[in-house]
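Heads up, the thing below is written out as structure tokens.
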Amino acid sequence: MHRHHRSETSLRRRETAPSAVEVETIVVALAGQPNVGKSTIFNMLTGLSQHVGNWPGKTIERKSGSYERDGVAFHVVDLPGTYSLTASSVEERIARDYVLHERPDVVVAVVDAAIPERSLYLLAELLLLPSPVVLVMNMMDVAESHGVTIEPRVLEAALGIPVVPMVATRSDGVARMIDAVASVASRSYPYEPRRPTILPAHEEVLTKLIALIASYVRDPYPVEWVALKLLEGDEEIHSMIESLVPPDVSEAMHRVLFQHEDAVLDIAGARYAWIGRMVRAAVVRPRVGLVGLTSKLDAVLTHPLWGTGALLAVLAIVFALTYLVGAPLQEWLDALVGGYGASLASWAPTVGVPVWLADLVANGVVGGAGMVITFLPILAIFFLALGVLEDTGYMARAAFVTDRFMHHMGLHGKSFMPLLLGFGCNVPAVLGSRIIEERRARILTILLAPMVPCAAQLAVVTILGAALLGQAAGFVVWALVALNLVVLAGLGLALHRFVLRGEASVFIMELPLYHRPNARTIGLYVWRNIVAFLQKAGSVILVASLVVWFLSYFPGGGEVTGSYLAVIGRALAPLGRLMGLPWQVAVALITSFVAKENTIATLGVLYGDVASNMRAVLTPPAALALLVVQMLFVPCVATVAAMKQESGSWKWTAVGVGTSLLLALSAGVATYQIGTLIAGG
């Protein structure tokens, strides 16, 4: 459907059969800053027809979908949220390259009507690109509640492009937007945009530069836009032009750029002056002294003390919902799946199904797929809470409050929520990293999330601690949780300084005005994330479960002590001896890769009465080493699958798993050896 060169008419056509009626297709790109309601508009148009993937060669999410009205199909592409098109971030490059190279029929620029001064800068840049633009002034209700009055027709006359007022949360204005898009695409609208270029002091310089490069700039790049980018110091455009112009033109171009390095100020100045004229013409601000709802709330919610208290209260509500609602549902589903698997295993042999096949289906397939299903209540609650907090504008405040603390680990405030939710489950902690736009911070969050002890991990350590250490277990478990957090901070510092040091983590976030959440947007957000988890993470979990089942079932026919898993455990015996641990414990740790709870189940099979029998074979230093290893051991397969899904890289997934394994084994050996020396002394 995409074409690099535009035809005589802007409407793109496709025909399903020679006798069929032609269906007009208009390609629409949605552009806008973060938190302007762009996703709400996209969801409103496309609903469940969305296709979600990644942009070619990037891990940034790409969303597209379709909408049809009156025989016209609208193919909608949701561009990444970006503040400008300067190509200083992946999101900015994706947005501008799509508009330049794919030439959508119409670009819909979505701005926050309550803060037009900050939202119109992106429009100033979009108007310089080839595709025509329709301006959508979203959140008109929020603007009105803050005393901001906008005259869309006056603004349209000043800009020379269609301007559509909208309240996307109520679907108010969506039909008008589609009408505007169709009229611009069919060229029935007198599209005459008034674009900002550069202040008068550098107009002559811009003209001179255009004359130098005009005959060398190739389609799809507009000559004036390229000249402005050269004056702005855009390295990508500069490299492209250098490869096209002859040496004498290159030298003349460099001379102009060197003599007028301050031209970038006049480019930005022209845009801000243009924004000022538009706002003065069409926007009436509230009287001086009127304090809006956002200002009143932010006085508390961004305060270092009160804001932290409010954040803790919000997190307490999220955790309460997770444990009071999600945990019982997860336990119910776990029992349901387990009971179904047991029934299947006992029923299958009665109808002639081989025992091994029955066990494969019951414990391998049902057990593996069942684990995926049991995660759904917690994931649904997590994404519901995250969607509400994001859609109301509170997530930006939470990130602002926690930014100073997170900055020491090379992260920023947006990483706080995913990491903290890791105490419930590491899977949503990793999946939650997708709210972080900057790739370096997102990868760092993904690598650190498994270091947070999840509920299952804490349960295993608590049970083992009570069985092996008696009354000292409470203090030991508390100390181990503290150890994990210290390791997390230390690992964050190390990764920040030595592994990911080449990229600086810059935290720039708009504090949007508060507004009512949109149920449809949040519902689609929850649905899309759960489906993505089931499709991607679920397949990896199932495969890993089948592998572990095979290793634990054969060749002993279900006897773990005679299985390949036991052979692997015995092969690891020399390493286990460094920690005072027998091979049975190594096997239990390996099975914990599928689910942390498997440690207890496997030890129960191998030792029977865990408390008495394991105390007989483990010294106190060895018991402590086991607990340390259990706390730091590699994340479960569901978390690993989520890490691969969110990072889009096996390399970073392997780094995370390898780091956990190295830390666990090193800490276990050190604990046992030092403990033995102290006990012997």
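Only the coordinates and a few stated rules stand behind these numbers; no lab work does. Here the structure is a predicted model, which means the values were calculated and not measured. All Cβ positions, glycine included, derive from the backbone under ideal geometry; neighbour counts span all protein chains shown.
Across the stretch 217-239, the residues whose backbone nitrogen lies under 16 Å from the label position 7 Å along the beta-carbon direction of Lys208 are 227-228, 230-232. Helices in the chain that qualify as membrane-span-like (whole DSSP H runs, Cα extent of at least 30 Å along the helix axis, mean Kyte-Doolittle hydropathy of -1.0 or higher) are 473-494, 650-680.
Gain in length, Ser188 to Leu661, computed as 0.36 nm per residue apart minus the alpha-carbon separation, to one decimal in nm? Write out the running numbers ahead of the final one.
Values: separation 473, 0.36 × 473 = 170.28 nm, distance 6.42 nm.
Extending this stretch completely gives an extra 163.9 nm.
Here the extension length gained between Glu559 and Ala472 equals 27.9 nm, from 0.36 nm per residue of separation less the Cα-Cα distance.
Sorted from longest to shortest, the spans of the Cα atoms of the chain along the three principal axes equal 88, 67, 59 Å.
What is the mean projected area of the alpha carbon convex hull for the stretch 133-291, to one decimal in square nanometres?
On the way: hull surface 49.2 nm².
Dividing the Cα hull surface by four gives the mean projection, 12.3 nm².
A simple spin-label model places the labels of Ser243 and Leu546 4.4 nm from each other, with each point 7 Å out along Cα-to-Cβ.
Tell me, what is the percent relative contact order of the chain, built from C-alpha pairs under 8 Å that lie six or more residues apart?
Values: 1021 pairs, mean separation 69.2, N = 681.
Computed value for the chain: 10 percent relative contact order.
Treating r as the C-beta distance of Ala459 and Tyr272 and R0 as 60 Å, the FRET efficiency rounds to 0.60. Candidates Ala273, Val226, Ser243 compared by Cα position along the dipole of the stretch 200-284: farthest toward the positive end lies Ala273, with charges placed on Cβ. Placing unit charges on the Cβ atoms of the charged side chains and taking the dipole of the chain about its Cα centre, the candidate lying farthest along the positive direction among Thr602, Ala494, Leu376 is Thr602.
A simple spin-label model places the labels of Thr308 and Ser612 5.0 nm from each other, with each point 7 Å out along Cα-to-Cβ.
Of all stretches in the chain that contain no GluC sites (Glu not before Pro) in a DSSP loop with at most 11 other Cβ atoms within 10 Å, the longest one is 262-681.
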